[in-house]
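Okay, structure first, notes after.
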Amino acid sequence: MKNTLNYYLWDYEIDDSIPLYTCGIEQFDGWDKIGFNSGREIKVNLPEVLKYYSDNKSPPPDFPRANSSRYMLVSDKIASILRDYNVTGIDYYLSEIIHDDGSRFAPYYTINCGYFSDCVNYDASEYLMKRYVSTEIPVFRHLVLDQSKIPENWLLFRFIRNKNLLFIHEEIVKKLKDAGVTGTRFVPVDEFWEPGSRRRH
C-alpha cells in the first residue's frame with residue numbers, strides 16, 4: 001500500500017539562466033468556455049489537434065508553460081510515463097507547438113486532470129486567507145496534507161480551492177526524473193511555501 005502523504009507539488013522549472021519558454025493556444029469556437037483542469041469532463045468537440053504558438057527560438061521543454069493556468073501541456077515523453085504507470089483521472093488531447101519560423105513540435109498533449117480534493121490538514125498547516133476577485137483561497141507558509149482526504153489510487157490531483165496546486169506522488173516523480181524530463185520542478189510538500197504567506201494563520 002502506498003503512503004498517500006509522499007507527494008510533491010508539480011510546477012514549472014525556474015532557472016534565470018534559461019530564457020522562459022511560453023506558448024499560447026490557438027483560439028477556436030468556444031475555447032474560452034472549456035473547463036480544462038476544473039474537475040469536469042470535457043464534453044464538447046475539440047479540434048483534432050490543439051495548436052499552440054510560440055515566438056521562442058529554442059525547442060520547447062517537456063513541460064512548457066502555456067498562456068493560462070487552465071492548460072497543462074506535456075510532451076509525449078511525460079504522457080507516456082503517466083500512461084505506462086496507469087495514472088488515472090487524466091484525459092489526453094493531441095497537441096502541437098508551432099514556432100514563428102514554421103517549426104513544429106509534436107506530439108504534445110493537453111491534459112485534463114479530473115481529480116480534485118480539499119486535501120489539506122488545516123489545523124497542522126500555516127496559511128493566510130487571501131481574496132482573489134470574489135474568492136478566498138488559502139496561501140500556505142507550511143502545508144500539511146490530510147491522508148484521509150486522498151484516495152489511495154490517486155497519483156495526480158489538484159487542490160480544490162486552488163487548481164494551480166498540482167500534487168503528484170513520489171513514485172511518478174522518480175519516473176519523470178529518471179527519464180530526464182525538462183521544464184519541470186518538483187517541490188516536496190513539507191518544503192512548499194507561497195509568496196505572501198509570511199504571517200501565521
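The values are calculated or read from the model by the stated rules, or taken from the named source; none is laboratory data. Quantities reported herein were computed from a predicted structural model and do not represent experimental measurements. With ideal geometry, Cβ positions are generated from the backbone for all residues, glycine too; neighbour counts draw on all protein chains shown.
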When the residues of segment 123-137 are narrowed to those that are within 14 Å of V189 (Cβ to Cβ) and in contact (Cβ under 8 Å) with a residue 24 or more places away in the chain, which ends up surrounded by the most Cβ atoms within 10 Å (Cβ to Cβ)? Y127
Given the structure, is D190 among the acidic types (D, E), modelled with pLDDT of 95 or more and surrounded by fewer than 18 Cβ atoms within 10 Å (Cβ to Cβ)? no
In segment 117-155, the residues that are under 19 Å from the mean Cα position of the chain (by Cα), of a type in the set (A, V, I, L, M, F, W, C) and assigned to a strand (DSSP E or B): V120, I137, V139, F140, L145
State all residues of segment 1-56 that are hydrophobic (A, V, I, L, M, F, W, C), in contact with a Gly (Cβ under 8 Å, 6 or more places away or on another chain) and under 26 Å from V181 (Cβ atoms); if no residue qualifies, say none. I42
Residue count for segment 35-87, restricted to those that are assigned to a loop (DSSP other than H, G, I, E, B), of a type in the set (S, T, Y) and closer than 16 Å to P107 by Cβ: 1
Qualifying residues in segment 23-34 (those that are in a loop (DSSP other than H, G, I, E, B) and hydrophobic (A, V, I, L, M, F, W, C)) - the one surrounded by the most Cβ atoms within 10 Å (Cβ to Cβ): I34
